[in-house]
Structures are given as C-alpha cells and as structure tokens.
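Accompanying notes for the structure given below.
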Amino acid sequence: MTVTQMSRNLRNLLLSIRDLLVSAGPLAILGVALVIGAYWWLKPTPPKTVILATGPGQSAYEEFGKRYQQALKADGIEVILKESEGSSANLQLLRDGEVDVAFVQGGSGELTPDDSEALVSLGSLFVEPIWLFYRADAAKKLTRSERLDGLHQLRGMRVNVGSAGSGLPKLMERLLDANHIDLKDLTFSELSQTPATVAFLNGELDAIVFASAPESLMVQMLLQTPGVQLMSFSQNEAYSRRFPFLTPVTLPRGVVDLAKNIPPRDVRLVASTTSLLAREGTHPALLTLFAQNAQNIHGKAGWFNRAREFPSTLHAELPIAKEAERAINEPTPSLQRYMPFWIANLIERMWLVMGLLIAVMLPLSRIVPPLYQFRVRSRVFRWYGKLREIEDEMESGSFNAKELLEQLDKLETQVEKISVPLSYAEELYALRNHIQLVRKRVTYRSSQTTTPAAAPAPAVTAATESGNSSA
C-alpha cells in the first residue's frame with residue numbers, strides 16, 4: 001500500500017469519525033448535561049470538612065471527638081472540633097447553624113417543635129452518669145459519716161454543678177427540688193470542669209458534680225483519688241420513674257481497678273443517654289460516615305453496657321436520620337466492603353438517576369444511525385441539484401454546449417474530491433456515471449445542431465437513469 005493510499009484511507013476514516021461525532025454529538029451533549037445536572041442536584045460527594053461540637057477540654061466529649069476526627073480522616077474528611085461549655089451549648093450551636101454535628105445529652109435542654117424539623121439524631125452513643133464526688137472529710141464534718149447516699153445530705157456543703165452551658169445546673173436544680181432542697185441551703189457554684197476539679201482537690205469545694213462518660217479523664221482520676229468518695233444514688237429506680245430521660249445504672253464493684261477493688265462496693269447511679277445530633281441539611285454521606293464509625297467507637301463493652309449495645313436508635317428524643325437507621329441496624333452495603341467509601345457512595349447515590357438517564361437516552365439513540373446515513377449520503381446527493389440544472393439548460397433548446405461541458409468538467413472535478421465510507425461508495429459511483437450520461441447527451445445534442453439528419457436523442461434523463469440505478 002502506497003503512502004497516497006494510506007493517506008486517503010486515513011482521511012476517509014477521519015471523515016467517518018467526524019460524521020459520526022456530528023450525528024451523535026447533540027445526543028452526547030444532552031446526556032452529559034443531564035449527568036451534570038443530576039450530579040449538581042444530588043451532590044453525591046460530601047464536603048471535605050465538617051464541624052463537630054464536643055465539650056470542655058479533657059472531657060469525654062473531647063476524647064470521642066478526637067476519635068471521630070481520626071476515623072473520618074481515613075476517608076478524606078477533616079473533622080474540625082469546636083470546644084464548648086457542654087451539652088446545652090452544643091444544642092444551641094446546632095440551632096444557630098455554627099456546627100454540623102454535636103454531642104447532646106438527653107434532658108440537657110427543652111426541645112422545641114422546630115428542633116424536630118431542623119435537627120436529626122444519629123443514634124444514642126453511650127450513657128452519661130451523674131457523678132457526684134465529695135470529700136470524705138467534709139461529709140464526716142457535716143453528717144458524722146464519710147458516706148453519702150442521697151442529695152438531701154448536701155445541705156450546707158459547697159457544691160459545684162458544672163458550667164451553665166453544660167445543662168447540668170438545670171438538671172441538678174430539678175433533682176434538688178425533688179429532694180426539697182432550696183439552693184439557699186448550700187453554696188452553689190458553676191465553674192467549668194478543670195478549675196472546679198482544682199478547687200475541689202484544694203479543699204475549696206466539698207462536692208463536685210459531673211455528667212460524663214466514664215472515659216472522662218477527670219472521672220478516671222477522681223475515682224482513684226484518696227479521700228474522694230462517689231455518692232451512690234440509692235433511689236436511682238425512683239429517679240428514673242420521676243424523670244423519663246434518666247436511666248438507673250450500676251457501677252460494679254472493682255470495675256475501675258480489680259486489684260485495688262475500686263470501687264469497694266456496687267454504686268448506684270442515674271444516667272442520661274448522650275446522642276449525636278446533626279442539622280437537617282448536613283450531607284447524607286457525612287451522616288452515614290458518622291453513624292458507621294460510631295459502631296467502632298461506641299460498640300465495645302463498657303462499665304454500663306454490653307458489647308454492641310450502642311450505638312442505638314432506641315430512646316431517641318429526635319427523629320432518627322434514615323442514613324443512621326441503615327448504618328446502625330442493617331449490614332454494611334456490599335459496595336462499601338470492596339470499594340473506597342467515596343466511590344461506593346457515588347455509585348449508590350447516582351445509580352438510580354443513571355438508570356433513568358439510560359432509559360431516556362436509549363430511545364433517542366435510535367435516531368443516530370439515520371442521521372449518520374443522511375449526512376454521508378447528502379454529501380453525494382447535493383450535487384444532483386447542479387446536474388439537474390445543467391440538464392434543464394440543455395433541454396431548453398438554446399444552449400452553449402461548450403459552457404455546459406465546462407460546467408460538467410468542473411462538477412466532475414468537485415465530485416472526485418468527495419470522500420465517503422466504503423459502504424456508501426455505490427452512491428458516489430452512481431453520481432459519476434450520471435455525470436458521464438449527461439455529458440454524452442450534451443455532446444449528442446450539440447452534434448444534432450450541426451448535423452440535422454442525425455438520429456433522435458434517447459428519451460432518457462439523468463434523473464430517470466438515477467431512478468433505474470437505484471432500483
């Protein structure tokens with residue numbers, strides 16, 4: 001094969017590809033536009049950053065926040081931890097839209113109907129007992145006993161009940177009121193966790209109250225500090241009946257340190273359940289990630305729960321997000337077992353739309369072959385108009401044969417430059433034959449004008465010949 005032949009074949013191939021692209025181009029553009037529109041509407045890819053409201057420094061909320069931060073980092077999501085005064089402050093941050101997700105303790109604030117529409121729950125994560133630590137020497141001084149087993153024994157003590165943003169002061173007010181204790185009967189303070197602990201250890205406070213998970217560093221430390229006792233809520237069952245958001249729990253003997261037998265006896269406590277709340281507009285993929293990682297972070301056995309008891313969709317004060325419902329109560333989706341999360345999430349969120357697009361595009365794609373055929377054949381057929389003009393001029397009777405022959409030569413030269421796929425070569429060669437047929441008729445008519453005795457011209461036209469050729 002010569003270089004010229006190779007060049008011609010390549011040119012024909014490129015022309016065929018161009019014709020195909022031009023024919024299918026509008027449909028392809030429509031398909032791409034629909035995919036882009038669906039992508040923009042569904043937003044399958046989550047944002048790269050999310051803000052999580054935790055709590056005071058060195059609290060259990062902060063510790064859990066760091067675990068979520070590390071877990072979501074593996075999926076390319078940056079979790080920004082926002083320190084706050086506590087649960088009530090977190091709830092307000094969610095309402096104000098300053099954070100996307102937050103830890104909120106049950107009963108720490110009054111939920112409104114607007115909260116049920118603007119916020120969703122990702123499930124309850126752990127129980128958060130009320131830890132009331134007191135100094136044994138202060139208890140002995142006021143009650144002549146180193147052990148306290150009821151809130152009524154706090155009269156006359158200097159008690160810190162947590163910072164205002166934690167929600168604990170309001171909770172303690174309700175519990176003290178149930179025990180007929182007026183706030184004037186004790187010295188009431190609302191210091192944050194760290195300065196309150198320092199003041200407590202220095203003897204400036206007689207009792208300190210936390211509402212925290214056992215993972216809190218302060219709780220762990222105070223449970224093992226000599227001279228510090230943990231009050232047992234001996235009426236914890238009664239508290240759970242009076243206050244629905246409270247649950248009776250028991251700190252088993254020796255669970256803190258088996259060798260040292262800490263605590264030396266079972267301690268009855270009351271606890272609220274802490275949930276992970278999110279704003280309604282938070283991206284669904286982020287909700288799924290938080291709910292899935294909650295199973296690894298909170299699913300282990302703890303001091304107050306058995307393995308896989310948390311996270312849970314039970315006892316929720318707000319509607320459970322459907323993403324959390326699936327992540328907690330259903331097996332991990334098959335795609336996520338074998339693919340990175342972002343790919344699996346993209347497919348799961350786009351597959352239905354892609355199916356609909358295919359259903360729409362398939363019928364439309366049927367017009368592409370006829371369009372392609374029309375475009376290629378029109379490259380040949382459009383010259384028949386010029387050929388008919390020459391033939392009509394010849395049939396008019398008064399014509400210049402030399403000019404018509406020149407027009408036919410020019411037409412033939414232009415036709416020789418036409419390139420079509422081999423499957424359409426028949427139309428091209430038919431056009432060339434028809435040009436030769438008209439050329440013969442022009443030559444014959446020209447000779448008739450100079451030789452009258454010549455035989456009559458054949459009663460056939462190029463158009464008739466074209467029809468016969470097509471047949």
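For the reader, a short list of remarks on this structure follows.
- Here residue 52 fulfils each of the conditions (1) at pLDDT below 95; (2) crowded, with 16+ Cβ neighbours inside 10 Å; (3) outside any helix (DSSP H, G or I) apart from (1).
- Test for residue 164: is it of a type in the set (A, V, I, L, M, F, W, C) and open to solvent by less than 40 Å² (accessible area, probe 1.4 Å): no
- Single residue of segment 318-341 satisfying the filter (modelled with pLDDT of 80 or more, out of contact with any strand residue (DSSP E or B) (no Cβ under 7 Å at 6 or more places or on another chain) and surrounded by 15 or more Cβ atoms within 10 Å (Cβ to Cβ)) that is nearest to residue 33 (Cα to Cα): 323
- Residue list for segment 232-249, restricted to those being crowded, with 16+ Cβ neighbours inside 10 Å and touching a helix residue (DSSP H, G or I) at 6+ places or on another chain (Cβ under 8 Å): 233, 239, 243, 246, 247, 248, 249
- Exactly one residue out of 184, 170 is modelled with pLDDT under 90, within 21 Å of residue 269 (Cβ to Cβ) and assigned to a helix (DSSP H, G or I), and it is 170.
- Test: residue in segment 195-213 that is of a type in the set (Asp, Glu), out of contact with any Phe, Trp or Tyr (no Cβ under 7 Å at 6 or more places or on another chain) and either more than 21 Å from residue 136 (Cβ to Cβ) or buried (at least 20 other Cβ atoms within 10 Å of the Cβ) (or both): no
- Cβ-Cβ distances below 6 Å connect the following pairs, each with a first residue in segment 379-403 that is buried (at least 16 other Cβ atoms within 10 Å of the Cβ), a second residue that is of a type in the set (Asp, Glu), and a separation of six or more residues or different chains: 380/427; 399/393.
- Residue match in segment 250-261 (condition: under 30 Å from residue 319 (Cα atoms) and surrounded by 18 or more Cβ atoms within 10 Å (Cβ to Cβ)): no
- Cβ-Cβ contacts under 8 Å between residues 6 or more apart (or on different chains), taken from a first residue in segment 213-230 that is more than 15 Å from residue 196 (Cα to Cα) to a second residue that is among the acidic types (Asp, Glu) and not in a loop (DSSP other than H, G, I, E, B), are listed as 213/128; 215/63; 224/257; 227/137.
- Residue within segment 383-397 that is part of a loop (DSSP other than H, G, I, E, B) and more than 60 Å from the chain's Cα centre (by Cα) present: yes
- Scanning segment 14-48 for residues that are open to solvent by 70 Å² or more (accessible area, probe 1.4 Å) and either among the charged types (D, E, K, R) or modelled with pLDDT of 70 or more (or both) yields 18, 26, 29, 32, 43, 48.
- Flag if residue 344 is at pLDDT below 85 and of a type outside the set (Phe, Trp, Tyr): yes
- Residue in segment 405-425 that is modelled with pLDDT under 80, touching a Lys or Arg at 6+ places or on another chain (Cβ under 9 Å) and more than 24 Å from residue 372 (Cβ to Cβ) present: no
Quick grid of which residues meet (1) closer than 22 Å to residue 297 by Cα; (2) free of Cβ contacts under 8 Å to residues at least 40 places away in the same chain:
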| residue | (1), (2) |
| --- | --- |
| 59 | yes, no |
| 78 | yes, yes |
| 116 | no, no |
| 121 | yes, no |
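- Selected residue (criterion: surrounded by the fewest Cβ atoms within 10 Å (Cβ to Cβ)) from residues of segment 303-317 that are closer than 18 Å to residue 246 by Cβ and not aromatic (Phe, Trp, Tyr): 314
- Residues located in segment 249-259, provided they are over 38 Å from the mean Cα position of the chain (by Cα) and touching a residue at least 12 places away in the same chain (Cβ under 8 Å): 250, 251, 252, 253, 255, 256, 257
- Test: residue 444 is farther than 28 Å from residue 28 by Cβ and aromatic (Phe, Trp, Tyr): yes
The values are calculated or read from the model by the stated rules, or taken from the named source; none is laboratory data. Treat the numbers as computed from the prediction; the structure is a model and nothing was measured. Note that each Cβ is placed from the backbone with ideal geometry, even for glycine, and that neighbours are counted across all protein chains shown. These accessible areas exclude ligands, DNA and RNA; they are computed on the full protein's heavy atoms, side chains included. Shrake-Rupley method; radii C 1.70, N 1.55, O 1.52, S 1.80 Å.
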